[in-house]
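First the structure, in the form of structure tokens, and then the observations on it.
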Amino acid sequence: MATVDVSGLIRRRPGETTAALTIVGYALVLGTFLLDLPIYPELTPGQVNPLTHAIAVINAGATVLLVAGWYWIRRGRVRLHRRAMIGAFALILLFLVVYLLRVGGGGEKYFVGPDPVYYAYLAMLAVHVILSIVAVPVVVYALVLGLTHTPAELERTVHARIGRVAAGTWILSLVLGIVTYLLLNHVYDYTFASAIAPVS
């Protein structure tokens, strides 16, 4: 009986692996936003806020690991760089679970504040969302290369160049996400539209 060498296949086809993982990620997020998927528990505002705060903590942790990973690779500390980047990606997967749970069952918060701050908030939120979307395939590709090649082999790939783009867009997106979280939840106010239909 023939067996499939999955790791070898991923190593030989990092582009196809990246495309498949990216499509799965996009489908999960778009399905949650556009379809009323009955897979999420209904959350009250009291349950949404802890998840919102948890998302901010997860993103802050991922940002710290990304900056540390960038610092370490510039100093030739490959093993520490690798651990930091894997840790950051693990946190982003955790973020995705918590985020989809919050969005799928929790409703939406809407910023309430002075017009100039409101427009700045919307601009930062838009850039955050766009960078989040754009970063996914770049981050996944850099990670796939990093996990399937030795450091010596990576020198013959585009890992370093792609990694700089991935880390830069990822860090900026996370920082903007944290800033908008602070503005919405701590500096100004918000209104809340629950995903749970009111009982009549």
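Taking amide H atoms as placed 1.01 Å from N in the peptide plane, the amide H of Y190 lies under 5 Å from those of V112, each 5 or more residues away in sequence or on another chain. Just in the range 128-200: which trypsin sites (Lys or Arg not before Pro) are loop by DSSP and have at most 11 other Cβ atoms within 10 Å? Passing both the DSSP loop test and the Cβ count: R156.
The slack between T191 and V98, meaning 0.36 nm per residue of separation minus the straight C-alpha distance, is 31.4 nm.
Springs join every pair of Cα atoms under 10 Å in this Gaussian network model of the chain, and among F95, F111, F33 the largest mean-square fluctuation is at F33.
For the residues I130, I162, a 1.4 Å probe over the protein chains yields an accessible-area ranking, largest first, of I130, I162. Axis of helix 159-182 versus longest Cα principal axis of the chain: the two differ by about 10°, to the nearest ten degrees. Using the 1.4 Å probe convention, the accessible area of the chain works out to 60 Å² per residue with neighbouring protein chains retained.
The range 156-196 and the range 37-59 have Cα centres separated by 17 Å.
Scanning the chain for GluC sites (Glu not before Pro) lying in DSSP loops with no more than 14 further Cβ atoms inside 10 Å, the longest uninterrupted stretch between such sites is 43-154. Values [x] 1.16; [y] 0.93; [z] 1.11 are given for comparison; Cα Rg over 2.2 N^0.38 Å, derived from the coordinates here, is the one labelled [x]. Helix 45-74 axis versus longest C-alpha principal axis of the chain: approximately 30°, rounded to the nearest ten. First check a/c for the range 42-104, with a ≥ b ≥ c the square roots of the eigenvalues of its C-alpha gyration tensor; if it is under 1.5, answer rounded, and if not, answer prolate when a/b is larger than b/c or oblate otherwise. Prolate, because a/c is 1.5 or more and a/b exceeds b/c.
The values are calculated or read from the model by the stated rules, or taken from the named source; none is laboratory data. Quick caveat: nothing in here was measured; it's all calculated off a predicted structure. Using ideal geometry, Cβ is built from the backbone for each residue, glycine included, and neighbour counts are taken over all protein chains shown. Keep in mind that these areas ignore ligands, DNA and RNA; they rest on the heavy atoms of the full protein, side chains included. Shrake-Rupley method; radii C 1.70, N 1.55, O 1.52, S 1.80 Å.
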